[in-house]
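First up is the structure itself, then whatever we jot down about it.
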Amino acid sequence: MICACALYCLLSGNISFAQGDNARTLSDFFAAVDKGDFEKAGTYLSEDLMAILPLSSQPLDKAAYRDLGMGFKAGFPDMTHRFLETSESGNTVAAKGIFSGTNTGPLMGNPATGKRVEMPFLTYVNFNAAGKIAEINIQFNAGGFMEQLIAGMPMQEETNKKTVMQVSQALNKHDLDDATAVFAPDCRFYGWGPQPVDQTGYKNMMTNLLAAFPDARFVTDDIIAEGDKIVIRHHLEGTHSGAAFWGTPATGREVNVSATVTYRFQSGKTVELWLNADFLGLLTQIGAIAPPQGK
């Protein structure tokens, strides 16, 4: 998201430039993008464009630069750039200005925050012999941008942790509809079978588990958040007093089974879950298989 911000610092604005062919070309480029005319804006760019962004490990080419710019425009439909100073020397144009806009649209996969952002930036643009924009180098305060974008809002990691805890609470109520409400329609579940399953497969597996263990309860032992992932370590407590489980009729035995689930979020929804559970321990505890013999 920050890379997109840096990118679009060069893609829009109302600018008063020093005189010069390159400065005028740059002004026309900004005017085209400001209108949302990315086809026209592309005509000012060299085919071998290199866009250097502060938080991107690799320079962006023309296609990637254009795509990110369009995405950032969608996130800040009202964005404007006010340039405070520009200068031209040879084939280089330098500009200092302030970006402003309100995040009312989705921004690179992230939901709108509704926050208004004002961010100072510096940009250096090199032109080739044909007068096309060949290289763009951007400097900006990425941390300051993020602080404004999410000011007064709960951190996304904390929000995701609360969502995972809501899933656990729903499972303890045996409410699978509520538990799956936070999952994206195309969410994939790994570890519930030999192959990844969709929501229907997940519900079928969990229905069978809850039917076999009517008093099933998931107890959270630890939860960790980093980036777009949440990892929860929990254990299942329950009594095998209901339906058969994996072909084993009810035994009346109590079980305590540990598991770890990794959630990956995108746009506030879970798009992947990875389960690592002690199924061997579960089957052993209900007597479905003999416990391993130590030597």
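A few notes on this one:
- Point-to-point label distance, N91-A290, nm (Cα→Cβ direction, 7 Å offset): 7.9 nm
- Heavy-atom surface analysis with a 1.4 Å probe gives the chain a carbon and sulfur content of 51 percent of its accessible area.
- Overall shape: prolate for segment 86-197, with the ratio a/c of the largest to smallest alpha carbon gyration tensor axis at 1.5 or above and a/b above b/c.
- The number of Lys pairs in the chain with C-alpha atoms less than 13 Å apart, excluding pairs fewer than 8 positions apart on the same chain, is 8.
- Accessible area expressed per residue, segment 194-294, with surrounding protein chains retained (probe 1.4 Å, Å²): 53 Å²
- Its relative contact order, with pairs defined as Cα atoms under 8 Å and 6+ residues apart, puts the chain at 12 percent.
- A convex hull fitted around the alpha carbon atoms of segment 207-295 yields 119 Å³ per residue.
- Among F183, I223, A288 - extreme Cα towards positive end, dipole of segment 178-295, charges at beta-carbon: A288
- Treating r as the C-beta distance of Y190 and N141 and R0 as 45 Å, the FRET efficiency rounds to 0.70.
- Subtracting the Cα-Cα distance of M108 and D61 from their residue separation scaled by 0.36 nm leaves 15.2 nm.
- Amide hydrogen neighbours beyond the local backbone of S258, cut-off 5 Å, H modeled: L236, D278
- Heavy-atom accessible surface of segment 61-193, averaged per residue, reaches 48 Å², computed with a 1.4 Å probe.
The values are calculated or read from the model by the stated rules, or taken from the named source; none is laboratory data. Remember, it's a predicted structure, so these values are computed and weren't measured experimentally. No Cβ is skipped: glycine too gets one built from the backbone with ideal geometry, and neighbour counts run over all protein chains shown. Areas reflect the complete protein model, heavy atoms only, side chains present, ligands, DNA and RNA absent. Shrake-Rupley method; radii C 1.70, N 1.55, O 1.52, S 1.80 Å.
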